[in-house]
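Q: Once you've had a glance at the structure underneath, I'll fire off some questions.
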Amino acid sequence: MSRTVRWGVLATGGIAATFTADLQAVPGAEVVAVASRSEASARAFAERFGIPRAYGDWAGLVADDEVDVVYVATPHSAHREAAALALEAGKHVLCEKAFTLNEREARELVKLARDRGVFLMEAMWTYCNPVIRRLTELVRDGAIGEIRTVQADFGFAADLGPDHRLRDPRLGGGALLDLGVYPVSFAHLLLGEPDRVQADALLSPEGVDLNTGMLLGWDSGANALLSCSIVGHHPTAATVIGTAGRIDIPHSFFHPEGFVLRRDGAEPEEITSGPGPQGLSGMQYEAAEVMRAVLAGETESPLVPLEGSLAVMRTLDAVRDRIGVRYPVDAL
Ligand SMILES: NC(=O)c1ccc[n+]([C@@H]2O[C@H](COP(=O)([O-])OP(=O)(O)OC[C@H]3O[C@@H](n4cnc5c(N)ncnc54)[C@H](OP(=O)(O)O)[C@@H]3O)[C@@H](O)[C@H]2O)c1
């Protein structure tokens, strides 16, 4: 493979467009193909982003010899199928969050990638964000002592039409897998997998979660108070409280421009990334990480390790168990 990494985009919805625009700004990234369930959508997307090849099915994309990495941007319910198809064809894969609908599906993907010796990463872009990486370093270096509590939330009052994927349990609908995955992943980043999971939620008539509160506990005595919602506007902020200080991350904590470090007994320090590239959404960092790893011959990213993604899926499964949200695929 040359220093160029050739990408294929699988699905043509909202995040596929946002990611593709960021990806095209990464040096060495070439978007060479797009696939959709409909040829017309693939063509329209290709035209919009100047992509040379458009496929009306996924098989065409994964059979394309000039595609190195497939970016999976379908609803969560199709992540397993789409990513597996690409991995089986020997493609490296970046798969949107939530990684899959449940841990079992995620384990299948991880096994497949390891068996084939190809790269696989969940698109948890927060973990690749330079401000979050700086924060993690500071915490690991003891800037606020030992972590006692993580607070984080993500919510907005969504005006969803009756056919929206977030309302449909078959598509992994609800707040948890779309939004709750961020506070959960953030707590995992700082504290690892929790030893205990409690949760409570308001469910929709269709059986997806609308408004969810979570309490995660660690044997160390640390805990995390997390929430997500598609029926209320949340601050979408986070606070990390330690034995020697506190860190406040404002909206949107999962891709912040900065945070405030409050060491006990010292003036607050504002830590910012400086102005980011104009007009980008922040997904260029995860794209660059995939390309770095793939060019280095790595099969997973140290920033978004597969065991971490599996652990997050276990926590999401445990939350769903507590709140009584079942997806049809859980029964398989
Ligand atoms: N990283 C982030 O910040 C971020 C933000 C938003 C969403 N996401 C994640 O990205 C994924 C897609 O979200 P989105 O907001 O882009 O959704 P979306 O706008 O509904 O787009 C999803 C696309 O997937 C395809 N699709 C729709 N239904 C499908 C089905 N039943 N089976 C297979 N493919 C289907 C469609 O593309 P075609 O018609 O071309 O097949 C559709 O345009 C979700 O997993 C979500 O959690 C991530």
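Just so it is clear, none of the values below were taken in a lab; they were calculated from the coordinates. Worth saying up front: this structure is predicted, and the values here are computed from it rather than measured. Every residue, glycine as well, gets a Cβ built from its backbone with ideal geometry; the counts of neighbours run over all protein chains shown.
Q: In nm, to one decimal, how far is the E269 label point from the R326 one, both placed 7 Å along Cα→Cβ?
A: 5.1 nm
Q: Could you give the length gained by full extension between R116 and E307, i.e. 0.36 nm per residue of separation minus their alpha carbon distance, to one decimal place?
A: Here the answer is 67.0 nm.
Q: State whether region 217-332 is rounded, prolate or oblate according to the following rule on the C-alpha gyration tensor (a ≥ b ≥ c being the square roots of its eigenvalues): a/c under 1.5 gives rounded; otherwise a/b larger than b/c gives prolate, and the remaining case gives oblate.
A: Note, shape of region 217-332 comes out oblate.
Q: For the chain, divide the Cα radius of gyration by the Kirkwood radius and give the resulting Rg/Rh value with two decimals.
A: Value, to two decimals: 0.96.
Q: Still on this model: Choose one answer from S229, S41, S204: the residue with the largest mean-square fluctuation in a GNM of the chain with alpha-carbon springs under 10 Å.
A: Highest fluctuation among the options: S204.
Q: A further question on this structure: When the chain is fully extended, how far beyond the present Cα-Cα distance does I15 get from L202, taking 0.36 nm per residue of separation?
A: 64.7 nm
Q: I've got another one for you. Excluding I132 itself, calculate the net charge of residues whose Cβ lies under 13 Å from the Cβ of I132, where each Lys or Arg counts +1 and each Asp or Glu counts -1.
A: -1
Q: Counting alpha carbon pairs within less than 8 Å and at least 6 residues apart, what relative contact order, in whole percent, applies to the chain?
A: Computed value for the chain: 19 percent relative contact order.
Q: Turning to a different aspect of this structure: Per the Kirkwood formula on distinct C-alpha pairs, the Rh of region 1-107 is how many angstrom?
A: 13.5 Å
Q: D195 label point, 7 Å along Cα→Cβ, cut-off 20 Å on backbone N: hits in region 212-244?
A: So the set is 214-226, 241-243.
Q: Can I get the semi-axes of region 179-250's equivalent ellipsoid? Compute them from the C-alpha gyration tensor as square roots of 5 times the eigenvalues, in angstrom, largest first.
A: The equivalent ellipsoid of region 179-250 has semi-axes of 24, 15, 9 Å.
Q: Which order, highest average first, do 93-102, 58-67 follow once you tally other Cβ atoms within 10 Å for each residue and take the mean per peptide?
A: 93-102, 58-67
Q: Then there is this: Can you list residues whose amide H is under 5 Å from G245's amide H, if they're 5+ apart or on another chain and H is modeled 1.01 Å from N?
A: D264
Q: Right, another one. For region 50-107, go through all pairs of different Cα atoms, get the mean of 1/r, take its inverse, and jot down that Kirkwood value in Å.
A: Over region 50-107, the inverse of the mean reciprocal pair distance is 11.8 Å.
Q: Something else about it: Around I230, under 11 Å between beta carbons, what's the net of Lys plus Arg minus Asp minus Glu among the other residues?
A: Summing Lys and Arg as +1 and Asp and Glu as -1 gives -2.
Q: Here is a further query. Can you give the Rg to Rh ratio of region 231-276, both from alpha-carbon atoms, with Rh computed by the Kirkwood formula?
A: That ratio is 1.04, to two decimals.
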